[in-house]
Amino acid sequence: MADIEYVWSALGGDPALVPRISVTARKGALEARLPVRELARACVGVCALAAAELGALRGGLGEVPGVRVDDGAVATAFVSERHLLVDGRAPVSFAPLSRFWRTADGWVRTHANYPHHRARLLSALGLSDDRVSVVESVLAERSALEVEEAVYAAGGLAVALRTPEEWAGHPQGLAVAGRPLVERGRLDMTHARVLAPVGSGPLLPAAGLRVLDLTRVIAGPVATRTLALLGADVLRVDAPQLPELPDQHADTGFGKRSTRLDLVADRRAFEELLAAADVVVTGYRPGALDRFGLSPEALAERRPGVVVAQLSAWGAYGPWRERRGFDSLVQVATGIAAVEGSPERPGALPAQALDHGTGYLLAAGVLRALTERSYDGGSRFVRLALARTAAWLMDGVCPGDAGGLTHGGPDGRLAETDSPLGRLRYALPPVSFVGGPVDWGRPPGVWGSDPARWA
């Protein structure tokens with residue numbers, strides 16, 4: 001399991017714990033030209049191991065519980081948005097203008113799921129008509145790079161298709177390749193913060209911890225959804241002026257509460273939340289929250305001992321560090337879409353694996369930071385980027401079955417529950433260890449409807 005060993009080492013984990021992981025391999029799970037199954041397996045495996053490690057510490061156990069990783073459960077969770085049903089209705093994953101388009105010299109992919117991104121895309125193209133045929137004819141007359149730059153300048157989202165070789169020579173590709181998969185470290189030298197003991201029915205490693213969730217879309221919400229599974233009190237905070245896709249929230253809102261605050265007008269309420277937070281997770285562009293005093297350094301100064309986890313599309317470095325991005329666009333820029341496609345048309349991974357994989361890695365980083373803080377103290381930071389996860393995938397991850405695997409047939413991992421949103425069918429969590437939780441403690445509620453206070 002060299003892939004798991006690699007990621008566990010990137011998280012600073014003790015290599016002696018890796019044999020605690022057992023893997024059930026399932027044929028056909030997340031099939032692709034690139035080793036998506038191995039990436040997904042490793043991300044979920046190290047997250048479960050980090051949870052089991054912290055659980056052993058807080059539960060006073062003699063050894064770290066065994067971790068079970070099932071490819072079927074992992075594959076189901078990595079396409080959780082496709083399995084979701086709300087009162088029997090399947091959600092729409094992508095809007096009509098979120099797709100590949102042929103240009104005069106290649107291909108470009110746009111992302112316009114949110115109304116403001118759709119409006120900016122049309123503005124950049126000089127259009128008021130949003131019919132696919134009209135947009136198609138305009139893009140067919142322009143170069144892919146010209147479209148990429150024009151849409152970015154308008155605040156929209158479009159990325160030209162690149163080959164792996166082109167991305168490897170791109171300034172942002174070079175910047176990403178020079179960074180570790182998981183950036184992590186201390187922000188100060190505060191004393192160790194011993195966490196209160198927890199019970200064992202089930203074992204909840206994050207019980208009693210308060211997580212301030214400042215993330216959107218998929219990767220960040222997957223991370224905080226996982227922390228909620230493990231017992232954390234997770235409160236997602238969104239700006240009132242930013243829209244959310246209801247089905248997206250239904251998929252990633254399990255276990256959490258959700259509120260809306262203006263970080264200027266509601267500053268006092270936000271500061272009260274921050275004063276009691278153990279973990280702050282952010283998923284906005286690097287530097288976007290700094291003006292609100294939410295840089296890792298500023299947070300550590302105001303809340304000594306805090307763990308700050310940051311997520312971005314392109315990384316906090318390089319010429320694209322301030323650009324918006326989504327999984328689908330990172331796949332296009334980094335060469336993944338070229339590898340998974342054909343000479344006639346670009347392709348895509350069988351799941352939004354960069355989002356889901358990075359989400360589980362971010363949760364693992366938080367759990368490991370909490371464990372390390374219990375021994376050595378210090379406020380901590382963890383930083384990941386979708387583009388760096390993509391670089392790991394493009395490097396090969398470690399394709400093929402490794403030692404320590406068993407094999408099994410199909411595995412169904414779906415459940416149903418009633419919720420304030422209606423009757424939900426959903427994917428069960430893939431993070432599994434002996435004595436740990438098997439489902440979230442609560443279904444998602446209506447987005448932004450909870451009070452701005454801790455439970």
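Where residues in the range 338-362 are within 29 Å of residue 226 (Cα to Cα) and touching a strand residue (DSSP E or B) at 6+ places or on another chain (Cβ under 7 Å), which of them is surrounded by the fewest Cβ atoms within 10 Å (Cβ to Cβ)?
Only one residue tops the list, namely 362.
The conditions are (1) modelled with pLDDT under 95; (2) surrounded by 21 or more Cβ atoms within 10 Å (Cβ to Cβ); (3) not basic (Lys, Arg), and residue 90 fails exactly one of them. Which is it?
Of the numbered conditions (1) modelled with pLDDT under 95; (2) surrounded by 21 or more Cβ atoms within 10 Å (Cβ to Cβ); (3) not basic (Lys, Arg), the odd one out for residue 90 is (2).
Identify all residues within the range 177-190 that are open to solvent by 30 Å² or more (accessible area, probe 1.4 Å) and either farther than 19 Å from residue 331 by Cβ or part of a loop (DSSP other than H, G, I, E, B) (or both); write none if there are none.
Correct list: 178, 179, 180, 184, 186, 187, 188, 189, 190.
Which residues, taken from the range 233-267, are crowded, with 22+ Cβ neighbours inside 10 Å and either without any contact (Cβ under 8 Å) to a residue 12 or more places away in the chain or in a loop (DSSP other than H, G, I, E, B) (or both)?
253, 254, 255, 256
From the set of residues in the range 52-71 that are touching a strand residue (DSSP E or B) at 6+ places or on another chain (Cβ under 6 Å) and open to solvent by less than 10 Å² (accessible area, probe 1.4 Å), which is farthest from residue 29 (Cα to Cα)?
Filtering the range 52-71 for residues that are touching a strand residue (DSSP E or B) at 6+ places or on another chain (Cβ under 6 Å) and open to solvent by less than 10 Å² (accessible area, probe 1.4 Å), the one farthest from residue 29 (Cα to Cα) comes out as 52.
May I ask you to list the residues in the range 21-41 that are open to solvent by less than 20 Å² (accessible area, probe 1.4 Å), of a type outside the set (A, V, I, L, M) and in a helix (DSSP H, G or I)?
Hits for the range 21-41 are 38, 41.
Would you check which residues across the range 314-332 are open to solvent by less than 20 Å² (accessible area, probe 1.4 Å) and in contact with a Gly (Cβ under 8 Å, 6 or more places away or on another chain) and list them?
Passing the criteria: only 314.
Quick check on residue 101: is it more than 30 Å from residue 416 (Cβ to Cβ) and in contact (Cβ under 8 Å) with a residue 60 or more places away in the chain?
So residue 101 fails the test.
Can you spot a residue in the range 150-159 that is aromatic (Phe, Trp, Tyr) and open to solvent by 50 Å² or more (accessible area, probe 1.4 Å)? Outline the logic, then answer.
Quick first cut of the range 150-159, residues aromatic (Phe, Trp, Tyr) only: 152.
Add one more test, that the residue is open to solvent by 50 Å² or more (accessible area, probe 1.4 Å), and what stays is 152.
For the range 150-159, residues aromatic (Phe, Trp, Tyr) and open to solvent by 50 Å² or more (accessible area, probe 1.4 Å): present.
Just wondering, is there one or more residues in the range 42-65 that are over 30 Å from residue 363 (Cβ atoms) and part of a loop (DSSP other than H, G, I, E, B)?
no
Could you tell me which of the residues 228, 250 is among the small types (Gly, Ala, Ser), within 27 Å of residue 76 (Cα to Cα) and touching a Gly at 6+ places or on another chain (Cβ under 8 Å)?
Of 228, 250, the one residue that is among the small types (Gly, Ala, Ser), within 27 Å of residue 76 (Cα to Cα) and touching a Gly at 6+ places or on another chain (Cβ under 8 Å) is 228.
Within the range 215-227, track down each residue that is open to solvent by less than 10 Å² (accessible area, probe 1.4 Å) and either of a type in the set (A, V, I, L, M) or assigned to a strand (DSSP E or B) (or both).
Listed by number, the residues that qualify are 219, 222, 223, 227.
Please state which of the following conditions residue 9 fails to meet, knowing it meets all the rest: (1) buried (at least 24 other Cβ atoms within 10 Å of the Cβ); (2) assigned to a helix (DSSP H, G or I).
Tallying (1) buried (at least 24 other Cβ atoms within 10 Å of the Cβ); (2) assigned to a helix (DSSP H, G or I), residue 9 fails exactly one: (1).
The values are calculated or read from the model by the stated rules, or taken from the named source; none is laboratory data. Just so it is clear, the model here is predicted, and its values are computed rather than measured. We place every Cβ from the backbone using ideal geometry, glycine too, and count neighbours over all the protein chains shown. Heads up: the accessible areas ignore ligands, DNA and RNA and are worked out on the full protein's heavy atoms, side chains in. Shrake-Rupley method; radii C 1.70, N 1.55, O 1.52, S 1.80 Å.
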